[in-house]
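To keep things clear, I will list the structure first and then write my remarks on it.
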Amino acid sequence: MFTELNSILSISPENFTQGEFILLSDRQSDASFLIHHFLSFYLRARCKVCFLGLVQSFSHYNAVSQRLGVSLTQAKEKGQLIFLEGLKESLSISIPREADAGSEAMDFLRDPAVGLRSLFEFVRSGVSGAVGGEDGSEEWGPPVLLVDDLSVLLSLGVGAGDVLDFSHYCRAAVCSQLQGNMVMLVRCDGGGEEEDDGEDEGPERLLKALTHQCSLTLQVRGLPTGYCRDIHGQVEVCWRRRQGNGQQTQKKLFQYKVHDKGASFFARGTSSAVL
């Protein structure tokens, strides 16, 4: 959990806005450190977390979370964390074995025509119920859905329209119905927003469509001046709040450096590396 980022977003594990859709994106950089932040943040906030890990294993996230002071293993055992290990499930479907046929959540890999209905049912089941543990002794706060890379679904043959429908139903179930939060990451390989992938099914179109649905975006990018040892990139934070019949937008730009146990954020040009 990154204290400086919490200060920028004006949140804490004891006080954060419910019903939010937070959209993360990266371009010529890596925003996965933000996934680690929000995972540890919501677990510390005692939320019931459903995590769709589509690009990394559980052991990877557990190792990083331990450096941030959170044990994913304990969270799973207590029923606080529901984790879908997409890589393992995909392998079970691609190379089926009788003893391990994979879960129904990834049914779209068996038959693309079924869409993401089973994956949504996995999410709805994961976020339902605020009680963890077999004895019912643990009660959790509002549910949270995390997806470490929604654009991976495009690479697996799912159409952008189906991915947008999936996010819409998840937002309705998690944010609107249960007043929980949703955090999704979309990766774009292009050099800038002005570039279009030229396809209705590409990550750029997916990102643009999701941007209109979310209340907060964190866009991670490489430095326009190129590589710097002491500054790893910049992140633009954009708040979108409904005001009357319109929408109020506020943007702030920060530079950052990722450490072994966290990350530092500072206003552009104020790092000691450039002073």
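Tabulated values for the structure
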{"item": "Residue-averaged 222 nm ellipticity for the chain, from DSSP H runs of 4+ at -39500 (n - 2.57), nearest 500", "result": "-8500 deg cm²/dmol"}
{"item": "Likely footprinting exposure, E20, E77, E138, E14, fewest C-beta neighbours within 10 Å first", "result": "E14, E77, E138, E20"}
{"item": "Relative contact order [Cα under 8 Å, 6+ residues apart], the range 26-128, whole percent", "result": "24 percent"}
{"item": "Total charge dipole magnitude, the chain, about the Cα centre, Cβ charges on Lys, Arg, Asp, Glu only, Debye to nearest 20", "result": "1080 debye"}
{"item": "Counting DSSP beta bridges with both ends in the chain, the antiparallel % (nearest 5)", "result": "50 percent"}
{"item": "Neighbour-count order for R221, R268, fewest beta carbons within 10 angstrom listed first", "result": "R268, R221"}
{"item": "Highest-MSF residue in the chain out of Q179, Q248, Q74 [GNM, Cα springs under 10 Å]", "result": "Q248"}
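Bear in mind these aren't lab numbers, they're just calculated from the coordinates by the rules spelled out. Bear in mind that the values here come from a model prediction, so they are computed numbers and not experimental data. Note that each Cβ is placed from the backbone with ideal geometry, even for glycine, and that neighbours are counted across all protein chains shown.
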